[in-house]
1. Just to be sure I follow: if Rg is taken over the C-alpha atoms of the protein assembly as shown and Rh is the Kirkwood radius over the same atoms, what is Rg/Rh?
2. May I ask for the net charge around A:A32, where only other residues with Cβ less than 9 Å from the Cβ of A:A32 are counted and Lys, Arg are +1 while Asp, Glu are -1?
3. Test of understanding: ordering B:C126, B:C25 by Cβ neighbours within 10 Å, fewest first, what list do you get?
4. Report, by chain and number, residues whose modeled amide H sits under 5 Å from the one on B:R403, excluding near sequence neighbours (fewer than 5 apart, same chain).
5. Using the per-residue mean of other Cβ atoms lying within 10 Å as a proxy for protection, in what order, highest first, do the peptides B:226-235, B:205-214 fall?
6. Set the Förster distance to 41 Å, then compute FRET efficiency between B:E429 and B:A287 from the Cβ-Cβ distance, nearest 0.05.
7. Taking the alpha-carbon distance from B:K317 and a cut-off under 29 Å, which lysines remain once sequence neighbours fewer than 8 residues away in the same chain are dropped?
8. Report the local net charge at B:V227: Lys and Arg +1, Asp and Glu -1, summed over other residues whose C-beta lies under 13 Å from its C-beta.
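Rule-based calculations on the coordinates, nothing more; no lab input. Since this is a predicted model, take the numbers as computed values, not measurements. Counting neighbours? That spans all protein chains shown, and the Cβs are built from the backbone with ideal geometry, glycine included.
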Amino acid sequence: MKKILLVEDDKGIAELERDYLEASDLAVEIVADGTEGLRKALTGIYDLLLLDVMLPGADGSRSAVRFVRSRSCPF
Amino acid sequence: MQIRDISVKKRLLFANFMMVFIPVCLLLLIGTAAYTGLRFTGAAQQRELVMLWPDKGPALSVQFAVSSLRARADKKGVPKLRDMQEDFQILEAQGISTMVLKDRQVLYLTPGADSGTIQEAVRKSCGDSSSMLVWNDDEFAFGYTSPRSGTTILAAGSVAFLAKDSAQDRSNRDFWENMVFVILGTAIVFIIAWGIYLSRLLSGQILEPLAALRLAASEIRKGNMDVSLGVRTQDELGETCQAFDRMRRELKKAKDTQERYEQNRKELIAGISHDLSTPLTSVKGYASGILDGIAKTQAKQRHYMEMIYQKACTMEKLVENLFIFSKLDLDRIPFHLEPVEIYGYFADFAEDRKSFLAERGLELCFQPEHRQVTVLLDRIQFQRVLENLLENSIKYKQGEAIRVSLGLEKQAAHVKLSFADNGIGVAEEELPKLFRSFYRTDPARTNVAKGSGLGLAIVRQIIAGLQGTIWAEQTPGGGLTICILLPIVEEKA
C-alpha cells in the first residue's frame with residue numbers, strides 16, 4: 001500500500017482528504033504543523049507528500065523547496 | 001503676447017527703469033530750458049535777472065533810492081533833506097552825484113560835486129523831460145520835477161547798469177557751472193545705478209519664493225510630499241508660501257490616510273475571501289464526500305453532515321460580524337448612551353456571567369469596590385465588547401482553563417478598565433495590530449472557526465463610539481491585557 005504524508009492544519013479538511021485517499025487504498029498520515037511535517041518528510045519514507053501552502057511553523061512552499069533540495073524527487 | 005505674459009523680473013526691471021528714467025528726463029528738460037532761456041536770450045532778460053538778483057549789481061538799491069527820492073519830492077512844501085539823507089548816501093556810494101532844487105535854489109548838492117556838471121549830464125541824457133531815468137552800460141542820469149511841489153531832483157554818475165565780472169569771477173562762475181553739471185551727471189548715474197540695484201534686490205526677493213513654490217509644486221506633482229518650502233518671511237509671499245506648505249502637509253496627511261484606508265480595504269477583502277472560502281471548501285468537500293460515497297457508514301455520513309452544519313455556522317458568524325463591523329464603520333449603528341455606574345455594572349456582570357463562563361473554562365475574577373463612578377455607555381454595545389473580549393480569552397487559552405481578572409482604576413477624568421488573562425499572549429510587536437480588521441497573529445490563519453479577526457476590530461469601533469480609547473498590553477507573567485479608558489461623567493466618594 002502506498003504511503004502518503006498529508007500536512008494540513010485544518011482538521012476538517014485533513015480528515016476529508018484522508019477519507020478520499022483511503023477510499024483509493026492509500027495509507028495517509030496527517031500532520032498539522034509545517035515544521036513537524038518537514039521533519040517527518042525528511043526522516044520517514046513516503047510515496048507522496050501533500051502540503052498545504054499556508055501552514056503554522058513552516059509554510060508549505062518553503063518546506064517543499066527544502067525537501068526537494070535534500071532529495072532528488074519530483075515536485 | 002500681452003504684458004502679463006512677460007516675466008515678472010523683466011516687468012519689475014522695466015517699471016523701476018521707468019520710475020528713474022522719467023523724472024531724470026523731466027529734470028534734464030526743465031534744467032536745459034531754464035539754462036538756455038536765461039543764458040542765450042537778449043540783454044533785457046539779463047537785466048531782469050540782475051533786477052531780480054541784487055547780488056549781481058547795485059541796481060535794486062539804486063532803484064529803491066530813486067523811487068524814495070521821487071516820493072519825497074512829491075510832498076508839498078519845502079522838502080525835508082534829513083529824510084532824504086539815506087537815499088543820497090546810497091546813490092553817492094555808487095558814485096552818483098545828487099542835487100535838490102526848489103524855485104531855482106539849490107537845497108542840496110553832493111559834497112565835491114559840480115551842480116552845473118550834474119545839470120548838463122541830466123539834460124544830455126534825459127532832454128527836457130520832467131521825469132526820466134536813463135541807465136545804460138556807461139552812465140546813470142535821473143531827473144524829476146514834482147508837478148505838486150515843484151521840487152526838482154537831479155542825479156548823474158558814470159556807473160554801469162551791470163556789474164562787470166572780473167576774470168577771477170568768470171573763472172569761479174565757470175568752475176561752479178561745470179561743477180553743477182558734474183554733480184547733476186553724478187546724481188543721475190547714481191539714481192540709475194541705485195534703481196537697478198533696488199529692482200534686482202526686489203525682484204530677487206519676489207522671484208526666490210516663487211521659484212521655491214514652483215519647485216515644490218513640481219515635486220508634489222511627482223508624488224513627493226516631503227519637500228518643505230523653507231520660506232519664513234512675514235510678507236505676502238512668505239504668507240503664501242506658508243499657506244502652500246500647510247496645504248502640502250494636509251495633502252500628505254490625506255494621502256497617508258488614503259493609503260492606509262486602501263491597505264485596510266485590501267486586507268479586508270483578502271481576509272473576507274480567505275475566511276469565507278475556507279469553510280466553504282469544507283462544506284463543498286463534505287457534501288461531495290456524501291455524494292461520491294466516501295462516507296460509507298451511517299456514522300460517517302452523520303459526521304459529514306455535522307461538519308457541514310458547523311462550517312455553515314462559522315460562515316454565519318463571520319457574515320454577522322462583518323455586518324456589524326461595516327455598520328459600525330459607516331456609523332450606521334446608533335449609540336443610545338446612558339449614565340451607568342461602572343463599579344456596580346462590573347460587579348453585576350461578574351456575578352451574572354461567572355457560572356456560564358466557568359462552564360467554558362474561564363474563571364472571572366473581580367474585586368468589587370464601593371465607589372460611584374459614572375460613565376456613558378450603550379448597554380447593548382458594551383455587552384458586545386465584554387463578550388468579544390472574554391470570547392477572545394477563551395479562544396487563546398493555554399491548556400483547559402483560563403483566568404481573566406477585571407480591573408477598574410480611576411485616572412484623573414477617566415476610568416481605566418482592564419481585562420488581564422493568563423492565556424498564550426501576543427508578542428510585543430503584534431500588540432498594536434490586534435485591533436485591525438481581519439488581523440490574526442497566526443499568519444497561516446489556521447483555524448477560521450477560532451476567530452474571524454473581526455472581534456477586536458468591532459470592540460475598537462464601539463469604544464471609539466463611547467469616546468474612549470483601547471490598547472493591548474502583555475500581562476506580567478504571561479498573557480494578554482486589554483485596557484479601555486472611558487471618560488467619567490460623574491463621581492461620588
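1. Details: Rg = 58.5 Å, Rh = 36.7 Å.
On the Cα set of the protein assembly as shown, Rg over Rh gives 1.59.
2. Spelling it out: positives minus negatives among the neighbours equals -4.
3. In increasing order of surrounding Cβ atoms, one gets B:C25, B:C126.
4. Distant-sequence amide H within range of B:R403: B:E363, B:N422.
5. Put in order of decreasing packing, that is B:205-214, B:226-235.
6. Efficiency at R0 = 41 Å is approximately 0.50.
7. A:K11, B:K266, B:K284, B:K300, B:K327, B:K354, B:K395, B:K397, B:K433, B:K450
8. +3
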